[in-house]
Amino acid sequence: MRIYAIYNIKGGVGKTTTAVNLGYLAAEAGLRTVLWDLDPQGAASFMFRIKPKVKGGGKALISGKRPLDDAIKGTDFDNLDLIPADFTYRNMDLLLDDAKPGGRPDDAPGGKPARRLSKLLAPLADEYDAVFLDCPPSVSLVSENVLHAADTVVVPLIPTTLSVRTLEQLAAFVGEFKGFRPEIFAFFSMVDRRKKLHREIIEQLAAPRGDVARTIIPSLSVIESMSVWRSPVAVIAPGNAAAKAYRALWAELRAREGLASS
Amino acid sequence: MAPAMAGFIVDGTDPQTWDDIVAAALAALGEEFTVTPEPAAPARPGTAADGLSQRATWYDTFDWRLSKAGVTLEYVPGRGGSELRLSSAKPDADADVTQPVAGWQPSRPHLIGDLEGGPVGARLASLVAMRALIPVAATVTATAAYRLLNSDGKTVARLLVDQPAVTGPQPGPLPPRLAVAEVRGYQAQARRAVRLLTAVTGLSAGARPLFADALRLTGRRPGDYSNKVDAEISADMPAAGAAATILLRLLDTIDANGGGVLADIDTEFLHDLRVSVRRTRSALKLFGDVLALTAEELECYAAGFKWVGDLTTPTRDLDVHLLDFPGTVRSLAAARPDDLEPFRAYLEGRRRREFRVLTRGLRSPRYAALTQEWRARLSKIQQERAGSATGRRNRAGHRYQPPGGSARVLAAERTRAAFVKVAKRGAAITPDSPAQDLHDLRKRGKELRYALEFFAPLHEPGAYANVVGDLKRLQDCLGEFQDTEVQIEEIRSIAAAMLAAHEAPAVTLLAMGEVTAGLAARQRAARADFERRFTAFADVAGQRRMAALLRGGTA
Ligand SMILES: Nc1ncnc2c1ncn2[C@@H]1O[C@H](COP(=O)(O)OP(=O)(O)OP(=O)(O)O)[C@@H](O)[C@H]1O
Ligand SMILES: [Mg+2]
């Protein structure tokens, strides 16, 4: 089971869009896939027409009182399931902090229960090949949990000077992890090639850094229309440039994994 | 993640109404859900355009051994790999096994050797033995899938509509089947869909094996062939009617096996055909007189069936050698298994030649004329002598007395006579008697056995089983005694023939010598056993049991 966290501390950069599209493509490729919508706003759940509500409450899920398994919903697509968002996730930081599984002392650095999510996900390993975590923006205990749980941190970047700084900070933060460190897979999203700034930043950043993908997701109206159709782009317009771009991104991500593991 | 299913079957036998019932089911679901056809799956490696049609072929032996044992064998082709599935009617999950097969030809009969090396083959080997697995029904099922959407347009359950059809041997549509498939996390909605379908008239909840539907359409019924006599006779039928009924039933069995013999599907078609021919000849001897045929006619039919019997003997003898071969090889003490290979090759060559002679005979005008005229003759007698022997009156008002009386009288009289012959001849056998005396006794024993079987429906089952059980043990002993002798003689003459044809390496002849030695030992053992077996059958108690049987009760 491989865990992909779609992560960026900034909002509105295309995290949910990425999680939905890559999750769909993973399932289409035959991987048994589950997407966990960790954002209380429930944008990913909405995309799959699933109500942003966890049976028995999100609190019981995070505390480990209820198995994750209970909350899983089938999407309309083969191999693709979803764990819906829940309103209680707006206090996720508190939930994670509260959760003291069996009263055992926590092994997280700084005494924080930063590996809580990782433990919750472990039982899914038999049932799924791929897990996608759609994270809310912000620096928080949630983000830290997500980074500790992930095998790969997928980072959508809008080509701005600031976004370069964001990526560097993230790489530095992950670099300080003791033990396992997730891979970072960043890519440019919402790219408008007509903008000089976009072109310049992409050239500057992509060339020297190994953790930035060659694939670029352009800014396209089909992608925006996903929230109207409530479907992944590969379903709305399979032949469209957007669908092709996400397929290329998924292929590059998989190829990168192949290199990393060999 | 296999979704839970709830199944429904469309009722009725009129395909015209089936579509309406399916439409009604969709309409019922439409009251609560938006029902839309499942969009065709996007083209993906491994799925073809007809990804939603499934073929299946079911097998059984000609004498329904699988169905009698409560198991079903199904062949399911698939792009990812084809397999044989063996499932049990009993609710015993680990009875179900599958075996992948490659290059399987579904419409052909298969011998158990074709399944060697897999779990299904291992499970079936002793049950099926030398019989071929014959396709008894084949279907193709087209599945239409529908999504049941909630008000958000989310798929909360699926409806699968299967349209099965028999593709062979007699094509035709079968009642559609509906199933509600759950989507994970939406159990309540699936239950709701099931409740809506339950209210649709013309739909029945539950599962019935598709095989059962397919068989019904084909007009087949498990157990519709059996090599038992099982003639439909009753005690107060006129004797001639009963005799004709028994002989017709034997002729049915002869005819039922003819095709399988000619197609050389397995050895037992010929075996069953021979048994029925032998029974026919015995029956003619035992009660041919009550048929009121002329002496010449009777003689002519008796000669005809003797001809058929003789025609089949060489092939059957070689079949027996070849069927025994694996056991023979295992029993070798000094010789190596390979030593016997030339012997096997020789037997196979001879069998091919003899089989050609046999098929020429069975396809000849003589054979056709014999069986067709015999059927016409018997049917006429059966029609004329149907009904009850008692209670009918002739024109003069006298009570009608059929020649030979009733079936009950015929059975008692003729079975007793056959028994007396066996008892007398058997009692005369001493340790010094020549082998021929035992062979003759075996023949008389066979006649008695057949007499018992012909009239079995008239006997009390418990008493019948007792008598037949003892007789069978005696006959097995006499059979072993004679068959081993015949086989020894045959191997000797085959050895001479192989030597003459320069097809006999020395090691092979040595091994064949060892085989005859083993047979001779078995023959001696059978001879030593005879006394005990005969006494068990024909001592005073045995005679009483027989008398009680013929009186219609238990001893
Ligand atoms: N490549 C693109 N082209 C055009 N529009 C895009 C593209 N990617 C994302 N968008 C649009 O940008 C908006 C934000 O995207 P999305 O919700 O995926 O970001 P997010 O990072 O998940 O946001 P949040 O931080 O609020 O969770 C959405 O309206 C989406 O349709
Ligand atoms: Mg989002």
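The values are calculated or read from the model by the stated rules, or taken from the named source; none is laboratory data. Quick caveat: nothing in here was measured; it's all calculated off a predicted structure. Don't worry about glycine lacking a Cβ; one is built from the backbone with ideal geometry, like all the others, and counts go over all protein chains shown. Surface areas here come from the heavy atoms of the whole protein model, side chains and all, with no ligands, DNA or RNA. Shrake-Rupley method; radii C 1.70, N 1.55, O 1.52, S 1.80 Å.
How much net charge surrounds B:ASP152 when only other residues with a Cβ under 10 Å from its Cβ are counted (Lys, Arg +1; Asp, Glu -1)?
Here the count lands on +4.
What is the local net charge at B:GLN382, summed over the other residues whose Cβ is closer than 13 Å to its Cβ (Lys, Arg +1; Asp, Glu -1)?
So the surrounding residues net to +2.
What FRET efficiency do you get for B:LYS380 and B:ALA295 if R0 is 22 Å and r is their Cβ-Cβ distance, rounded to the nearest 0.05?
The calculated FRET efficiency here is 0.75.
Report which residues of the stretch B:175-217 become buried by 30 Å² or more of accessible surface when going from the isolated chain to the complete set of protein chains (1.4 Å probe; DNA, RNA and ligands ignored).
Checking the loss per residue gives B:ARG184, B:GLY185, B:TYR186.
Projected area of the stretch A:126-217, taken from the Cα convex hull and averaged over every viewing direction, in nm²?
Computed as one quarter of the Cα hull surface, the answer is 7.1 nm².
Can you give me the pair-distance distribution of the stretch B:234-382, C-alpha pairs, 5 Å bins, whole percents?
2, 9, 17, 19, 14, 11, 9, 7, 5, 4, 2, 1, 0
Over the protein assembly as shown, give the accessible area per residue in Å² for a 1.4 Å probe, as an integer.
Per residue, the protein assembly as shown has 48 Å² of solvent-accessible surface.
Determine the residues within the stretch A:17-40 where the difference in accessible area between the chain on its own and the full set of protein chains amounts to at least 30 Å²; count protein heavy atoms only and use a 1.4 Å probe.
Flagged in the stretch A:17-40: A:GLU28.
If the viscosity is 1.567 mPa s and the temperature 4 °C, what translational diffusion coefficient in µm²/s does Stokes-Einstein give for chain A when Rh comes from Kirkwood over Cα pairs?
In µm²/s, the coefficient rounds to 70.
Got a sec? Which residues of the stretch A:221-239 lose 10 Å² or more of accessible surface with every protein chain in place, vs. that chain alone, 1.4 Å probe?
When all protein chains are present, A:ARG230 each give up 10 Å² or more of accessible surface.
Rounded to the nearest angstrom and ordered from largest down, what semi-axes does the equivalent ellipsoid of the stretch B:4-218 get from its C-alpha gyration tensor (root of 5λ)?
Working from the Cα gyration tensor, I get semi-axes of 35, 19, 16 Å.
At a 1.4 Å probe, what is the % contribution of carbon and sulfur to the accessible area of chain B?
54
Show log10 I(q)/I(0) for the protein assembly as shown at q = 0.06, 0.07, 0.11 Å⁻¹, two decimals, from a solvent-free Debye sum over equal Cα scatterers.
Listed by q, the Debye log ratios stand at -0.65, -0.77, -1.24.
So what is the calculated 222 nm ellipticity per residue for the protein assembly as shown, using -39500 (n - 2.57) for each DSSP H run with n of 4 or more, over all residues, to the nearest 500 deg cm²/dmol?
For the protein assembly as shown, the value works out to -16500 deg cm²/dmol.
Which whole-number percent gives the relative contact order of the stretch B:133-221, counting Cα pairs below 8 Å spaced six or more residues apart?
Reported relative contact order: 27 percent.
Kindly state, to the nearest 0.05, the FRET efficiency for B:ALA207 paired with B:ASP338, given R0 = 45 Å and r defined as their beta-carbon distance.
0.30
Express the relative contact order of chain A as a whole percentage, based on alpha carbon pairs under 8 Å and six or more residues apart in sequence.
Answer for chain A is 24 percent.
Remind me, what semi-axes does the stretch B:224-322 give for its equivalent ellipsoid, largest first in whole Å, using sqrt of 5 times each Cα gyration tensor eigenvalue?
Gyration-tensor ellipsoid for the stretch B:224-322: 26, 17, 9 Å.
For B:PHE325 and B:ARG353 in the same chain, what is the full-extension length gain: residue separation times 0.36 nm, less their Cα-Cα distance, in nm?
That works out to 8.2 nm of additional length.
Please report, in cubic angstrom per residue, the volume enclosed by the convex hull of the alpha-carbon atoms of chain B.
231
What total accessible surface area, summed over both chains, is buried at the interface between chains B and A, computed with a 1.4 Å probe and given in Å² to the nearest 100?
For B against A, buried area totals roughly 1300 Å².
Whole number please: convex hull volume per residue, Cα atoms of the stretch B:57-111, in Å³.
It is 86 Å³ per residue.
Given a Förster radius of 51 Å and the C-beta distance between A:THR161 and B:ALA89 as r, what FRET efficiency does 1/(1 + (r/R0)^6) yield to the nearest 0.05?
0.10
What would the Debye formula give as log10 I(q)/I(0) at q = 0.18, 0.28, 0.29 Å⁻¹ for the alpha-carbon point model of the stretch A:30-81, no solvent?
So the normalised log intensities are -0.59, -1.21, -1.25.
Considering the options A:VAL164, A:SER138, A:ALA186, tell which one lies farthest towards the positive end of the dipole of the protein assembly as shown, charges being +1 on Lys and Arg and -1 on Asp and Glu at the Cβ, about the Cα centre.
A:SER138
What nm distance separates the two modelled labels at A:ASP129 and B:GLU31, each placed 7 Å from Cα along Cα→Cβ?
4.3
Quick check: the distance between the Cα centres of the stretch B:428-463 and the stretch B:160-208, to the nearest angstrom?
Between the Cα centres of the stretch B:428-463 and the stretch B:160-208 lies a distance of 57 Å.
Report, as a whole number in µm² per second, the diffusion coefficient that Stokes-Einstein gives for the stretch B:239-552 at 20 °C and 1.002 mPa s using the Kirkwood radius over alpha carbon pairs.
For these conditions, the coefficient is 98 µm²/s.
Just how large is the dipole of chain A about the Cα centre, in debye to the nearest 20, putting +1 at every Lys and Arg Cβ and -1 at every Asp and Glu Cβ?
Taking the Cα centre of chain A as origin, the dipole is about 440 debye.
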